Amino acid sequence: MTKTIDVEIYGQRYTIRGEADEGDVRRLASFVDGQMRHLAEGMNTTTPSKLAVLTALNLAHQLFELERKRAQGEADVERRMKSLMESIEEQVPTSLFR
């Protein structure tokens, strides 16, 4: 069922329509608002639209870094699993598996 949720991000009100959980939408809006405000602290002046784009770039960078780390972690687990399996195969006589 489509819902309408009003949120405020960086002083602007937005109406979100969709089927997402209202609490999730509010948490996301609050997170984006916090990111924009944090970024704005370090800047002399900028327009809200430029700040929104810089915030989006920062969030995309964080997402890409997390994805890279997740993929690296999966590759590490795969390598360790293969090494462990080879070690087990070296220690266990093959006649046990026949």
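Each reported figure results from applying straightforward, stated rules to the coordinates on display, with no laboratory input. Predicted, not measured: the structure shown is a model, and the values here were computed from it. Positions of Cβ are generated from backbone atoms using ideal geometry, with glycine treated the same way; all protein chains shown enter the neighbour counts.
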Checklist entry - Which angle from 0 to 90°, rounded to the nearest 10, does the C-alpha axis of helix 22-41 make with the longest principal axis of the chain? => result 80
Checklist entry - By counting other Cβ atoms within 10 Å of each Cβ, how are Thr2, Thr46 ranked from fewest to most? => result Thr2, Thr46
Checklist outcome for this item: Relative contact order of segment 3-93 (C-alpha contacts under 8 Å, at least 6 apart) in percent is 17
Checklist entry - Which of the lysines could a cross-linker span from Lys69 if the Cα-Cα distance has to be under 25 Å and same-chain partners fewer than 8 positions apart are dropped? => result Lys82
Next on the checklist: Run the simple label-point estimate for Ser49 and Arg68 please: 7 Å along Cα→C-beta, distance reported in nm.
Outcome noted: 3.1
Checklist entry - Hey, got a sec? Which trypsin sites (Lys or Arg not before Pro) in segment 5-41 land in a DSSP loop and have at most 16 other Cβ atoms within 10 Å? => result none
Checklist entry - Taking only Cα atoms, what is the 0 to 90° angle, nearest 10, from helix 48-91's long axis to the longest principal axis of the chain? => result 10
